[in-house]
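> Here you go, one structure.
Laboratory data are not the source of any read-out in this text; all were calculated from the coordinates shown. Treat the numbers as computed from the prediction; the structure is a model and nothing was measured. Heads up, the Cβs are rebuilt from the backbone with ideal geometry, glycines too, and the neighbour counts pull from every protein chain shown.
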Amino acid sequence: MCLARIVEPTSKLDSLRVLDDLGIDSIDRNQLYRSLVKASKLDYRKAISQACFEHVGRTGLALVLYDVTSLYFEVQKEDEYRKPGMSKERRLEPQIIIGLLVDQNGFPLGLHSFEGNKAETKTLLPAIQDFLEKNGLTKTTIVADAAMMSASNLAALAEAGYTYIVGSRLHKVPYDIAEYQKTGELGDQQIVVEKKEGYRVIYQYRAKRAALDLRNIEKQVAKAKKVLNGQIPTTKTKFLSVVAKKKQLNQKLIDKAITLAGVKGYVTNLDIPDEQVIAYYHQLFQVEATFRMAKSDLKARPIYHRKRDAIEAHLTIVLAALAISRNIEHQTRVSIKQFVKLLRPIRSSIVIFNKNEILAEPIVPEPVSKVLISLSRGH
């Protein structure tokens, strides 16, 4: 099923067709569904996660990156596990929350599922602690985005002896930045540091980010003005406030957004240069890339299973397929989508002539040959 999901993501039942098309010995549907039960009962997820950790290697794991996403179900009725919540795709169907751990190169290390209405901040500690305890890690840096930031999370990580880098939510203009802007403008890549007890907050200004932020502010202000003028229906608009049933622009909020344009904050208890902290944080794009692979190339959603054991088995298949796909990409420097496209037409066949079987070797073009050579180290 992992192989079928990589080659042609489809339903579990239809994966039998995919495997048959690849020339793999026939499997009946009962075998397939029994394997889902077996995967859950024997905790295949644990074995696969352990194999992923061993593949990365204890010495090669400098960072553990964590992020969450939501996977929805094609059902209307919720239960204790599948619940409506804050959807990444702004959908209304019942969903579950998925927490994914990867290394600094985007290779998956573990996957956890949570109820669909669980707050993102409350998924961080269970997922991290489970992974670290199972693998006996004591010196690891956790990297997560601002959605995971809470005082209790940071305190718990620090108390357990772990270092962390977490995005900072800027609810107000930091004092140090406000003081600096009284006398001058922030320069591109400029860093301002605010020291706290046990950690520090690093603020960096980037001109490119500021230009994007200011364009977005202009668009949001223009939308708010259209609502005020009755040009578009009243909707939830960032810079629009309602006071005594009267709509007006929230100029204070606009001014704050302009002041913060281009500024990003990073919270850490690591004793390393500020620039290195920022570089480590930016590795979070690797989690996003792995999630994109799961959702697009491996089509992890929507999920059609009803029972939790079957859902967890589905996620175990996705985790294994992610690990295989990421490993193939790392060795070949070719995307998994392009890899399947290159190799799928390459077939050998058996020709029967006068009752004699003759193996017809496939014709392998040079680009495909290079890809296969890059995998000769084992896959």
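> Based on Cα coordinates alone, diagonalise the gyration tensor for segment 248-319, multiply each eigenvalue by 5, take square roots, and list the semi-axes in whole Å, largest first.
38, 22, 12
> Still on this structure: Multiply the residue separation of residue 335 and residue 355 by 0.36 nm, subtract the distance between their alpha-carbon atoms, and state the gained length in nm to one decimal.
Between residue 335 and residue 355, full extension yields 3.0 nm more.
> Stretch residue 47-residue 274 to full length: gain in nm at 0.36 nm per residue minus the Cα-Cα span? Spell out each step's value before the answer.
Working: separation 227, 0.36 × 227 = 81.72 nm, distance 3.74 nm.
The span from residue 47 to residue 274 would gain 78.0 nm if fully extended.
> Angle, helix 308-332 long axis vs. longest principal axis of the chain, Cα atoms, 0 to 90°, nearest 10?
Tilt of helix 308-332: around 90 degrees.
> So how many Å³ per residue does the convex hull of the Cα atoms of segment 207-261 work out to?
Residue-normalised Cα hull volume stands at 67 Å³.
> Give me, ordered by chain and number, the residues 5 or more places off residue 63 or on other chains with an amide H under 5 Å from its own placed amide H.
When sequence neighbours closer than 5 places are left aside, the close amide H contacts are 104.
> Related question: Place a label point 7 angstrom from the Cα of residue 366 along the Cα-to-Cβ direction, then list the residues of segment 322-340 whose backbone nitrogen is under 20 Å away.
Under cut-off, by backbone N: 332-334, 339.
> Among the DSSP beta bridges whose two residues both lie in the chain, what percent are antiparallel, rounded to the nearest 5? Can you show the working numbers first?
Values: 40 of 49 bridges.
Of the beta bridges lying entirely in the chain, close to 80 percent run antiparallel.
> I've got another one for you. How big is Rg to Rh over the chain, alpha-carbon atoms, Rh as the Kirkwood inverse-mean-distance radius?
On the way: Rg = 25.2 Å, Rh = 24.1 Å.
Result for the chain is an Rg/Rh of 1.04.
> Same structure, new question: Using a basic spin-label model with each label point 7 Å from the Cα along Cα→Cβ, how many nm lie between residue 160 and residue 259?
For the pair residue 160/residue 259, the computed spacing is 3.6 nm.
> Let me ask something else about it. Multiply the residue separation of residue 138 and residue 175 by 0.36 nm, subtract the distance between their alpha-carbon atoms, and state the gained length in nm to one decimal.
9.8 nm
> Run through all the Cα pairs of segment 55-181 and give the fraction in each 5 Å bin from 0, expressed as whole percent.
2, 10, 18, 19, 16, 13, 10, 7, 3, 1, 0
> With label points built 7 Å along Cα→Cβ from the Cα atoms of residue 30 and residue 151, find their separation and express it in nm.
6.0
> What is the Cα centroid distance between segment 326-379 and segment 153-175, reported in whole angstrom?
48
> Taking the Cα centre of each part, how many Å lie between segment 1-53 and segment 204-272?
The distance from the Cα centre of segment 1-53 to that of segment 204-272 comes to 47 Å.
> When the helices in the chain are scored as -39500 (n - 2.57) per DSSP H run of 4 or longer and the sum is shared across all residues, what 222 nm value do you end up with, to the nearest 500 deg cm²/dmol?
Numbers: 14 runs with 161 residues, N = 379.
Here the helix-only value at 222 nm equals -13000 deg cm²/dmol.
> Which angle from 0 to 90°, rounded to the nearest 10, does the C-alpha axis of helix 29-41 make with the longest principal axis of the chain?
Its long axis makes an angle of about 50 degrees.
> Using only Cα atoms, tell me the angle between helix 251-260 and the longest principal axis of the chain; keep it within 0 to 90° and round to the nearest 10.
60
> Cut-off is 10 Å between beta-carbons; in what order do 149, 1 appear when sorted fewest neighbours first?
Result, fewest neighbours first: 149, 1.
> Rank the residues 246, 38 as a footprinting-exposure proxy: fewest other Cβ atoms within 10 Å of their Cβ go first.
Listing 246, 38 from fewest to most nearby Cβ atoms yields 246, 38.
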